[in-house]
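Taken together, the values in this text are just the output of simple stated rules run on the coordinates, not laboratory data. Note that this is a predicted model, so its numbers are computed, not measured. Cβ: placed from backbone, ideal geometry, glycine included. Neighbour counts: every protein chain shown.
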Amino acid sequence: MLFARLSSFYFFYFAAVGVYIIFLPKVLQEIGYSTLEIGIVLALAPLMRFLTPFLFLKHIKLTQKLFKLILLVSVGSSFLFYVTIEHFYLFMLNNAILGVCLSVLLPYIELISIRELKNKYGKSRLFGSIGFAVIGLVLAKHLSDPNIALHYYFVSTLFTAIIALSLLKYDEQECEVSKATENFSLLRYWPFWISLFLMQVSFGGYYNFFTIYEHEHQISIETISYLWSVGILFEVLMFYYQAPLLRYNLVMIIKFSILITAFRWLLLYLFPDSLSISYFTQSLHAFSFGLYHSAVILYLYKIYENKKLAQQFMLGVAYGFGGFVGAVLAGYLYGEYLFLASSILSLFAFVFMLKKEKEVLSINNHLTNK
C-alpha cells in the first residue's frame, strides 16, 4: 500500500512538472512573452526553493500542520494560473508562492520514501518519470489552447496534494530541530554544494528552452514530445536497475554522471539540426538525471544528521538557486551557443567535485566500506 501511494505521488507530481517544463515555455511564448520574460518567470519558483530552506534552518519547524497548509496553498496557486498568466508581474508572484510550496513538498515525501522503501526507492521514483512521459505524449496531441495546459497542471497538482496528505501517517516527527539543526552546515562540504549548484545551472537551457530550441530547428512539437519521452524512458530504466550501482562509491558515480552530462550538452551544440543526435542525447538522461539524482540524495542522507533539512537544501541549492540562475542565464544566452555554455558549466561542476577536502574523503571512504 505504501509503495503504491508513493508511486502515485511521484506520478502526479512529475506529471505537473512535465506540464510546467515541456509546455509552459511554449504557452508563454504564444501569448506574447519574450524569451527573457519566460526565463525570469520560470526562475521565480526555483529561487524560492532556494530561499525557503533557510527559514527552516533557524525560525520554522516543519510540522504536519504546516505541511497541510502548504498542500492547500499549492493547489490554490496552481488554480490561480488561470487568472494570472496574462499578467507578467502577477504571474511572477504566483510562481514565487508556488516555489515556496514545492521547496517543502517534494523533500518531505522523499524522506519518507528513502526511509521506508530503502532499496526499492528507485522502483517507486520511476513512476514520476512515467508521469512526466505520459503528460508529454498526451498533452502534445491536445494542446490546441493555452488553457488546456493549465487544466492538466491544476488536476495533476490536486491529485499530488491529496496523495501527499494520505502519506502523513508515515512521517516520523523527528526531534531534529535543536541539536541536528545547530550542527547543520553547508560549508563543511562546500565543493559538493557548489558542484550541485553548477550542475543544475547547466540544465537551465534544457529545462526552459529545449522545446523552443528544437522547434526552431524544424522539429515538430509532437516529435519534441517523443524526444522528452525517450529521455524519460531511459531514466525509468536507470531507476529500475540502478540499485546494484548505488552500492559502489557514490562520489565516483556523481562525477561520472556529470561528465556524461557535459558530453550531452556538447552534442546538442555541435549537431543542432540532427534529430538522431537529439534522440541519443536524450538517452543520456539516464545518467545525467536518473543515476545522478539518486546518488546525490543517498549521499546526503548518509552524511547529514538532519536528513529532512538536507533534502530541502538539496532541492533549494541545486534545483532552486541553480534552477533560478540557469533559467535567467539561459534566457539571456539563448541562441547558437546556449548548450556550449551548458557543457562548460557541467565541466566546472566536475572540477569542484575534484576538490577533495580531507573530511569529505574520510566520510566517503567510510560510506564505501560499509
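With the cut-off at 32 Å, tell me which of the pairs Lys68/Lys255; Lys26/Lys355; Lys123/Lys169 have Cα atoms farther apart than that.
Beyond 32 Å between Cα atoms: Lys68/Lys255; Lys26/Lys355.
I'd like the per residue volume of the convex hull spanned by the Cα atoms of segment 306-346, given in cubic angstrom.
Values: hull volume 2.1 nm³, N = 41.
Here the figure is 50 Å³ per residue.
With Cα extents along the principal axes in Å as the read-out, I listed (1) 56, 49, 43; (2) 57, 46, 34; (3) 52, 43, 36; which label goes with the value calculated from this structure?
Looking at Cα extents along the principal axes in Å for this model, the match is (3).
Could you give the nm distance between label points at Leu186 and His151, where each point is 7 Å from its Cα heading toward the beta carbon?
Modelled inter-label distance: 4.1 nm.
Between segment 67-114 and segment 206-282, what is the C-alpha centre distance in whole Å?
Value for the Cα centre distance between the two parts: 27 Å.
Please give the charge dipole size of segment 2-369, origin at the Cα centre, charges +1 on K and R Cβ atoms and -1 on D and E Cβ atoms. Round to the nearest 20 debye.
Here segment 2-369 has a charge dipole of around 1340 debye.
Which of Leu227, Phe203, Tyr240 sits closest to the plus end of the dipole of the chain, meaning its Cα is farthest towards the positive end, when Lys and Arg get +1 and Asp and Glu get -1 on the C-beta?
Projecting each Cα onto the dipole axis, the largest value belongs to Tyr240.
Would you work out which of Leu62, Tyr82, Asn306 lies farthest towards the positive end of the dipole of the chain? Charges go on Cβ: Lys and Arg +1, Asp and Glu -1.
Asn306
Take peptides 6-16, 95-105 and line them up by average Cβ neighbours within 10 Å, highest first, as a rough protection proxy.
Ranked from most to least packed, the peptides come out as 6-16, 95-105.
Hey, if you drop one equal point scatterer on each alpha-carbon of segment 80-225 and run the Debye formula without solvent, what base-10 log of I(q)/I(0) do you get at q = 0.13 Å⁻¹?
-0.91
In vacuo Debye scattering of segment 193-283, one point per C-alpha: log10 I(q)/I(0) at q = 0.12, 0.20, 0.22, 0.25 Å⁻¹?
-0.43, -1.07, -1.21, -1.37
So how do 76-87, 120-131 stack up, highest first, on mean other-Cβ count within 10 Å?
120-131, 76-87
How large is the helix-only mean residue ellipticity at 222 nm for the chain, computed as the sum of -39500 (n - 2.57) over DSSP H runs with n ≥ 4, divided by its residue count, in deg cm²/dmol to the nearest 500?
Working: 19 runs with 279 residues, N = 370.
Taking each H run of at least 4 residues, the total per residue is -24500 deg cm²/dmol.
For Leu139, what is the net charge nearby, where nearby means another residue's Cβ is under 13 Å from its Cβ and Lys, Arg count +1, Asp, Glu -1? Mind dumping the intermediate values first?
Working: positive: Lys26, Lys141; negative: Asp145, Glu222.
In short, 0.
Calculated FRET efficiency, Leu246 and Val138, Cβ-Cβ r, R0 22 Å, to nearest 0.05? Write out the running numbers ahead of the final one.
Details: r = 32 Å, r/R0 = 1.44.
So the FRET efficiency works out to roughly 0.10.
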